[in-house]
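See structure below.
The values are calculated or read from the model by the stated rules, or taken from the named source; none is laboratory data. Here the structure is a predicted model, which means the values were calculated and not measured. With ideal geometry, Cβ positions are generated from the backbone for all residues, glycine too; neighbour counts draw on all protein chains shown. Side chains included, ligands, DNA and RNA excluded: accessible areas come from the protein's heavy atoms. Shrake-Rupley method; radii C 1.70, N 1.55, O 1.52, S 1.80 Å.
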Amino acid sequence: MAPMKGLTVFIADLRKCRSQEDEERRVNKELANIRTKFKESSLNGYNRKKYVCKLIYMSLLGHEVNIGHKEAVDLVNSARFSEKQIGYLAASLLLPESSELMRAVVGCLRRDMYDANECIVCLALCAATNVATREIAESLTEDVVMLLLAPSGSPFVKKKAALCLLRLLRRFPESVKARQWAARVIPYMGHRDIGVTLAVTSLVTALAQQQGDEMRKASTFAVRRLRSLVLDGERVADHMYYGVPAPWLQVKLLRLLQYFEPGEQRSELLGILRRIIDESQEAPRELQQMNAQYAVLFEAINLGIHVDVDQGLMHESALLLGRFITSRETNIRFLGLETMAHLATCIDSLDPVKRYQGVIVQSLRDRDVSVRRRALDLLYSMCDVTSAKAIVAELLRHMAIADAALREEMALKVAILTEKFATEYSWYVDVMMRLVSLAGDHMGDEVWHRIVQVILGNEELQLYACRIALQTLRAPVCHESALKVSAYVLGEFGHLIANAPGCAPLDQLKALQARLPGASLPARAVALTAVAKFTNLFPEIKNLCLRLLDRFRGALDAELQQRACEYYALATVESESLLPTVFEEMPPYPERQSALMSRLLSRETDTEDQRTWVVGGRDINRSRSTRRPADEDAPAAAAAAAEEKQETAQPTATPATTTAAEAAAPTSLDEPPALTPEEEERVAKSRKHYARLLWESDGILYDGAEVQVGMMAQYKPPAARIGLFLGNKSAAAICDISIQAETSDDSGDLVIQQAADQDALPESLMPLGQARVFFDVRCHRVFAAAPTLRISYTLAGAPTVLELQLPVTAAHFMDPVTISVTDFFARWKQLGEATIGESQAVLKTPFLASDADAIQWLRNVAGGMGFALIQGADVVPDNIVAVGIATTEAAGRFGCLMRVEPKPSHSLTRVTIRATNPTLAKAVATNISMIFDAR
Amino acid sequence: MIRSVLIFNQLGKPRLIKFYEQISASAQQDILREIHALVAKRPDTLCNFLEGSRSIGGSDTRIVYRHYATLYFVFVADMSESELGIMDLIQVFVEALDRVFENVCELDLIFHFDEIHYVLSEVVSAGMVVETNLSEISRAVNEAKRQAKPDSSDHTRLAISTLRRGFV
């Protein structure tokens, strides 16, 4: 850049500013100045460039800049290189993606990509890479592919083109149509220019993750290139880096190969890896050389783990890593621990790793927190039944001195390891109680919830747990979480130890009571419940308990007061059966994935490149590897899944397979199998009615020539009341009416029966007359299929049976809940990682008068289905983010999160549902696709 | 991939902010502040790698940084990059700046903030390494510099091809 005086002065001015306020003032003054200048018609190119430069500098310093967009585009259009350069820079840094002006930039890009001057072509490619809007992906991909594949192009252009494609591919995989050109770029991995090879390999790595086996050929190229670099000593004069040939390329190739199964190249690969590992046996002298050499080595070990983990080679690697983790270089210690954790997660016998357990434990005391973190990860990954006790003990010992940042993770990991590897109950209880006492402040409620769950679920544990609970309460210091666990456990199982000396009911109550004054409100609330349970458990101290409850009836805190009042009232009601029923022992929790695990996994976020492993035991990595090839974001996969879903969701679409029970459409008994057009229309209409009732509480369920069925539903999850109205549309009376509803199976997940106190159905129904019947519905657990409604009647001597699907699904038992945006995304991520209950569908957006209408309709649907919409949660204002919670009688409540992302440009809408119950997620997804379809 | 490249001085004043993902300007500043807080208190004997907080990407990101005189060079990368590779890349980037500015110092970066972007775009693009060969990088930058000179617009057609002739 030729120096621009005004700019230099401005920067110097800013540097002189003493305070943030000074700087702010100077910037505002300049902004005002620039605004007036931009309004002048006589602005020349030089000045335009200068002012835009000033704006870029301001935004670098963090000041908000929202002018200069048009000027940036003007600069891009300029014939002068220097102005164009600044123009493109400003376009990528200042211009919002949604700006109308982006279109003009794209136009320039297209022109510049065909400029005879390679510098301008490169500039355009760089700008396209930085800006990478959807429009660029859609309209310029082909041109960029051309630039990469053109035989005459220079390496300069090819490199940039390859990376430009990579960026577009990552942002808009569905727009770049990678299938059409993916195979053609692979041969460029053999290009003589190292820079081109490197860039193309990066591109191919991304393609390999999306297209999987279609890119297999790339592995041949990668192995060939590696062999020539590692074994044949390929001369890469310009790319020797401290004696290592093209280390970046080697690393990239080694990484790429981790996305493929090794196949027949296994032995050749092992040869290459052996050479790399052998050459690293002697420590390099110079630091720079060591960096380069070890960068290759660590990646080689990672690949070795992938190719053949249980070979001798990996035992050698373990030895090498063992040396590294005691290295004087902190970086090498860090990487040694990290790579060893990878090894530990994959290797069958942990012995080569366990040998270093002492050193690794020492690393928990390393002076660098980064190293300490890696040591923790490694210990967590290498833990098995035999080493669990020692490792957990070490971790507990370190907990007290660990930094706060690490403590939470440590606590979580201790909790998981203890539960996973516990062989004795007493050990589990001891460790967990110590854990909550030590690290209670640093962990979420998940940990103590989980402890209670485990104790409730294992009868053998309960007696010992009670003893420890009482001990904990009596200890000089009792942490809040420990108090909660203890109170809960004694409240449930206190009777188990009541006969032991010093553990009489009165002693238990006293121990609990002594803790109350200093405890927090939530802990006191838990304790109150325990006291209430005591009233049932120990009639001998009921009066004392009542006195305690009574004291809290005047508590200032509403929650405490309410609990105390209710418990007190319950306990004083004159009824023999009430107390034992209400305060019955809690049933064991149903088996479910530990919340701890999901909490830990939620730390993993989506990266652009998929991880090849995660910290943790082998089982978790194996389960990952099975789902790795499926790319969740690939639109093709999503579309396929959506198709599949639609097929299962609409059995009526194919008349041949329609069976009476599962059809949403009514079928008469004597009906011929083939449907006449008229009936087909009726089927379609009926599906529409059904779909409408999925999000509206009343409406018509069936409208035939003879009768009409209306429905009215009132939901109070987990219960509901459904009213059905049968209207006679024919000209004659109908008789022998019966209306019955039955569930799809006998599991008892859903109970539906006629309401008790209602009038019997009339014997006959006159024309235009209406009969009604009410059903009581209770949702016991989340159920999969909607119940069936069977209506039979006789009209003019001809009996008719109608079978209708009743729009009552698991999704109906949902109430809206409002949570904060951050909570939503935290849970969203957590549920996404756990992948227990995700359903996704890409649906055709219904055609409405305008896009805005369509969005409004979407919102209404979501609201009608029982979701609460969270406003302003998504960066895209049209996206809908919603939360509901389904209540069942026996299985508890299930959260359900939904994201709806309409893409008006494609008239498609992507709906993703994540719920703590897979059946629920599916039910919601099925309903939505039916609603969409019917619209 | 490399998610972002940041240069800031010991006081946390930004000298270069480059993100390879779509992130709002204010979030970029927040990330820079957070990384500065993390990095500035670490003595040079500690390792060059850090784990990012949630907002940066959590345990799946590595903050790889190097400290030169008054400046911190920070590359934030995901797990698919080799940490040592990134370390070396920072070195290459700095050496490239050194060649372009002849003994680069913080002032060069302040007054030529745009050129840093051009140099960086020859080293990293789309979050991936473009080139690691120093002479190649400085040649590309200098060529563009030459083009930007007011009177050079007519010679440009041959420029790179002549430049490359001796090399390929």
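Values for this structure:
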{"read-out": "Inter-chain shielding of A:240-249 (mean C-beta neighbours from other protein chains, 10 Å cut-off)", "value": "3"}
{"read-out": "3J(HN,Hα) from dihedral phi, the range A:850-859, Karplus parametrisation 6.51/-1.76/1.60, rounded to Hz, x for glycine, proline", "value": "8, 4, 4, 4, 4, 5, 4, 4, 4, 5"}
{"read-out": "Rg over Rh [alpha-carbon atoms, Kirkwood Rh] for chain B", "value": "1.00"}
{"read-out": "About the Cα centre, charge dipole magnitude for the range B:17-154 (Lys/Arg +1, Asp/Glu -1 at Cβ), debye", "value": "340 debye"}
{"read-out": "Distance between the range A:250-312 and the range A:421-496 - C-alpha centres, whole angstrom", "value": "47 Å"}
{"read-out": "Sequence of A:Val526, A:Val875, B:Val130 from largest to smallest accessible area, 1.4 Å probe", "value": "A:Val875, A:Val526, B:Val130"}
{"read-out": "Sparse-neighbour loop sites [GluC sites (Glu not before Pro); the range A:753-844; at most 16 other C-beta within 10 Å; DSSP]", "value": "A:Glu763"}
{"read-out": "Translational diffusion of the range A:31-178, µm² s⁻¹ [Kirkwood Rh, Cα pairs; Stokes-Einstein; 37 °C; 0.692 mPa s]", "value": "208 µm²/s"}
{"read-out": "Expected 222 nm ellipticity per residue - DSSP helices of 4 or more, -39500 (n - 2.57), all of chain A, to 500", "value": "-17000 deg cm²/dmol"}
{"read-out": "Shape call, the range A:110-268: gyration tensor on alpha carbons, a/c limit 1.5", "value": "oblate"}
{"read-out": "Residues whose placed amide H lies under 5 Å from that of A:Asp703, excluding near-sequence neighbours", "value": "A:Val709"}
{"read-out": "List of the range A:1-30 residues, accessible area with partners at least 50 Å² below that of the chain alone (1.4 Å probe)", "value": "A:Met1, A:Arg15"}
{"read-out": "Compactness of the range A:127-194 - radius of gyration and Dmax, Cα, Å", "value": "11.4, 33"}
{"read-out": "Distant-in-sequence amide H partners of A:Asp815 (H built 1.01 Å from N, under 5 Å)", "value": "A:Ile885, A:Ala886, A:Thr887"}
{"read-out": "Positive minus negative residues near A:Gly699 (Lys, Arg vs Asp, Glu; Cβ under 13 Å)", "value": "0"}
{"read-out": "Whole-percent pair-distance distribution, where bins are 10 Å wide, for the alpha carbons of the range A:841-935", "value": "16, 51, 26, 6, 1"}
{"read-out": "Whole-angstrom gap from the range A:727-759 to the range B:2-41, using each part's C-alpha centre", "value": "66 Å"}
{"read-out": "Solvent accessible area, Å² - A:Cys122, 1.4 Å probe, full protein context", "value": "10 Å²"}
{"read-out": "Sequence of A:Arg372, A:Arg103, A:Arg474 when ordered by accessible area, the most exposed leading, probe 1.4 angstrom", "value": "A:Arg103, A:Arg474, A:Arg372"}
{"read-out": "Per-residue HN-Hα couplings for the range B:63-74 [Karplus 6.51, -1.76, 1.60; θ = phi - 60°; Hz; x = Gly/Pro]", "value": "8, 10, 9, 9, 10, 10, 6, 8, 10, 10, 9, 10"}
{"read-out": "Directionally averaged shadow of the range A:40-116, computed from the convex hull of its alpha-carbon atoms, nm²", "value": "5.3 nm²"}
{"read-out": "Loop sites in the range B:46-105: GluC sites (Glu not before Pro), DSSP, at most 12 other Cβ within 10 Å", "value": "B:Glu102"}
{"read-out": "Summed buried accessible surface, chains B and A, 1.4 Å probe, nearest 100 Å²", "value": "6900 Å²"}
{"read-out": "Net charge over other residues, Cβ less than 15 angstrom from the Cβ of A:Leu761 (K, R count +1; D, E count -1)", "value": "-2"}
{"read-out": "Protein accessible area in the range B:2-167, 1.4 Å probe - carbon and sulfur %", "value": "53 percent"}
{"read-out": "Probe 1.4 Å, accessible area per residue of the protein assembly as shown, Å²", "value": "42 Å²"}
{"read-out": "Within straight-line cross-link reach of B:Lys41, lysines at Cα separation under 20 Å, skipping those fewer than 8 residues along the same chain", "value": "B:Lys13"}
{"read-out": "Global form of the range A:153-246, assessed from the alpha-carbon gyration tensor, a/c cut-off 1.5", "value": "prolate"}
{"read-out": "Karplus 3J(HN,Hα) series, Hz, for the range A:459-475 with 6.51 cos²θ - 1.76 cosθ + 1.60 (x for Gly, Pro)", "value": "4, 5, 7, 5, 4, 4, 4, 4, 4, 5, 4, 5, 4, 4, 5, 8, 4"}
{"read-out": "The range A:178-218: trypsin sites (Lys or Arg not before Pro) in DSSP coil with no more than 13 other Cβ atoms inside 10 Å", "value": "A:Arg192"}
{"read-out": "Listed residues A:His495, B:His112 arranged by accessible area, highest first, probe 1.4 Å", "value": "A:His495, B:His112"}
{"read-out": "Rule-of-thumb Rg ratio for the protein assembly as shown [Cα; 2.2 N^0.38 Å; N residues]", "value": "1.09"}
